[in-house]
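Asker: What follows is a structure written as structure tokens; I'll ask about it next.
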Amino acid sequence: MPVRRFTPLAPLDPGRVVPTLGIGRGDPSIAIDDGAWIAVNTGVGPATLRYSAAGDEVEIEAWGSGAERGLELAPGMIGADDDPAEFLTDHPVMRRLLKAHPGVRITRSRMVTAALLRAVFGQKVTGKEAKRSYRRMTRSLGEPAPGPHPDLVLPSDPSRIATLGYEDFHPWGVERKRAETLLEVARRSKRLEEANEMGLVDAYGRITALRGVGPWSAALVGMQALGDADAVPIGDYHIPNTVSWVLTGEPRGDDDRMLELLEPFRPHRGRAVRLIKATSIKAPRYGPRAPLRSIENI
């Protein structure tokens, strides 16, 4: 079992950062218990990584045929090279958020396909729906992760997803539009992974060239897989309201207002969004919540 230790640019808690690589609570590929665990497909084989704090250092243990590659990727996966001190601002709210949430990191997992698949599950549905559907697919298609953790499941292999038809996604609660986008992502996986070696402009061009993938999904991939601290998820149902509420006390905001408020934080607009989301503050709700849908029997 190979082991690696490294010192992040700034202190961080792996147990807080690793979950940001998943789709939220209950992601079958992530566990936080006696360490921060994540199961990944590295491109050269599956791997399970276990992060634990060791003083100022972080220790990673790895299992699986992709263990060595996993250890290479491990620092970027938890934002070890991301230094929040680079975010210089005089904005009083943002300064308070930086002080309150020093562990927020922009990660560079270099796993574009995995990040994009998770993002597509979240398109135009509630968070609960997205998490439920993603869990169902992963537990149906994913394989047990290597190593000693009894519950971890590897993310679904894109090559296996690519063999499905859109109707195969219905039992997991995914309608045809998202299913076809997921199939497109899986079938273009190799081309998508090439984005890791591109500049951000070209990388986003490669990602959004896929049918069904827009700026919202691309920004989520940017913050998670490409290390883009300036990525802003345009088109989100909640984030513009939350940004407006936290920064100005305005209970409602659209994308234009959000971008206006975030402009002073460039090139750390994505970091600002993550800091705001870390507060768990929600803008006031004025209308009925979107109902959970069920299409399994359609």
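What follows is calculated from the coordinates using simple rules that are stated; it is not laboratory data. It should be emphasised that the depicted structure is a prediction, and the values quoted were computed from it without experimental measurement. Positions of Cβ are generated from backbone atoms using ideal geometry, with glycine treated the same way; all protein chains shown enter the neighbour counts.
Asker: Could you please find all residues in the range 157-173 being in a loop (DSSP other than H, G, I, E, B) and out of contact with any Asp or Glu (no Cβ under 9 Å at 6 or more places or on another chain)? Let's see the steps before the verdict.
Answerer: Restricting attention to the range 157-173, the residues satisfying the condition of being in a loop (DSSP other than H, G, I, E, B) are 157, 162-165, 173.
Listed by number, the residues that qualify are ALA162, THR163, LEU164, GLY165.
Asker: Could you list all residues from the range 174-187 that are outside any helix (DSSP H, G or I) and surrounded by fewer than 22 Cβ atoms within 10 Å (Cβ to Cβ)? Working first, answer last.
Answerer: Residues of the range 174-187 that are outside any helix (DSSP H, G or I), as a first pass: 174-175.
If the condition is that a residue be outside any helix (DSSP H, G or I) and surrounded by fewer than 22 Cβ atoms within 10 Å (Cβ to Cβ), then GLU175 is the only one that fits.
Asker: Only residues in the range 159-174 that are within 14 Å of ARG139 (Cα to Cα) count as the first member; pair them with residues that are buried (at least 16 other Cβ atoms within 10 Å of the Cβ) and hydroxyl-bearing (Ser, Thr, Tyr), Cβ under 9 angstrom, at least 6 apart or cross-chain, and list the lot.
Answerer: Correct list of pairs: ILE161/SER189; PHE169/SER133; TRP172/SER133; TRP172/TYR134; GLY173/SER133.
Asker: Could you check, for the range 119-135, whether at least one of its residues is over 21 Å from GLY43 (Cβ atoms), in a loop (DSSP other than H, G, I, E, B), among the hydrophobic types (A, V, I, L, M, F, W, C) and under 16 Å from the mean Cα position of the chain (by Cα)?
Answerer: No, every residue in the range 119-135 fails to be over 21 Å from GLY43 (Cβ atoms), in a loop (DSSP other than H, G, I, E, B), among the hydrophobic types (A, V, I, L, M, F, W, C) and under 16 Å from the mean Cα position of the chain (by Cα).
Asker: Those residues that are surrounded by fewer than 17 Cβ atoms within 10 Å (Cβ to Cβ) and not β-branched (Val, Ile, Thr), I need them from the range 198-211; list them, please.
Answerer: So the first thing to find is which residues in the range 198-211 are surrounded by fewer than 17 Cβ atoms within 10 Å (Cβ to Cβ), and the list is 198-202, 205, 208-209, 211.
Those that are surrounded by fewer than 17 Cβ atoms within 10 Å (Cβ to Cβ) and not β-branched (Val, Ile, Thr): MET198, GLY199, LEU200, ASP202, GLY205, ALA209, ARG211.
Asker: Please work out which residue is farthest from LYS128 (Cα to Cα), limiting yourself to the range 27-36 and to residues that are part of a strand (DSSP E or B) and touching a Phe, Trp or Tyr at 6+ places or on another chain (Cβ under 8 Å). Spell out how you get there, then give the answer.
Answerer: Initially, the range 27-36 is screened for residues part of a strand (DSSP E or B), giving 30-32, 36.
Next, from what is left, pick out any that are touching a Phe, Trp or Tyr at 6+ places or on another chain (Cβ under 8 Å): 30-31, 36.
On the way: ILE30: 17, ALA31: 18, ALA36: 23 Å.
Among them, the one singled out is ALA36.
Asker: For the range 75-92, state whether one or more residues are touching a residue at least 60 places away in the same chain (Cβ under 8 Å), in contact with a Leu (Cβ under 6 Å, 6 or more places away or on another chain) and assigned to a helix (DSSP H, G or I).
Answerer: No, that holds for no residue.
Residue-by-condition table, conditions (1) in contact with a Phe, Trp or Tyr (Cβ under 6 Å, 6 or more places away or on another chain); (2) in a strand (DSSP E or B); (3) surrounded by 23 or more Cβ atoms within 10 Å (Cβ to Cβ):
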| position | (1), (2), (3) |
| --- | --- |
| PRO19 | no, no, no |
| VAL40 | no, yes, yes |
| VAL44 | no, no, no |
| ALA53 | no, yes, no |
| GLU61 | no, yes, no |
| GLY70 | no, no, yes |
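Asker: Follow-up question, since we're still on this one. Might you let me know whether the range 223-233 holds any residue that is touching a helix residue (DSSP H, G or I) at 6+ places or on another chain (Cβ under 9 Å), surrounded by 14 or more Cβ atoms within 10 Å (Cβ to Cβ) and within 24 Å of ARG136 (Cα to Cα)? Let's see the steps before the verdict.
Answerer: Start the filter on the range 223-233 by keeping residues that are touching a helix residue (DSSP H, G or I) at 6+ places or on another chain (Cβ under 9 Å), which leaves 223-233.
Those still in the list that are surrounded by 14 or more Cβ atoms within 10 Å (Cβ to Cβ) too: 223-233.
Add one more test, that the residue is within 24 Å of ARG136 (Cα to Cα), and what stays is 224-225.
Yes, because at least one residue in the range 223-233 is touching a helix residue (DSSP H, G or I) at 6+ places or on another chain (Cβ under 9 Å), surrounded by 14 or more Cβ atoms within 10 Å (Cβ to Cβ) and within 24 Å of ARG136 (Cα to Cα).
Asker: What's the number of the only condition in (1) under 22 Å from THR7 (Cα atoms); (2) in contact with a Pro (Cβ under 6 Å, 6 or more places away or on another chain); (3) assigned to a helix (DSSP H, G or I) that THR138 fails to meet?
Answerer: For THR138, the exception is condition (1).
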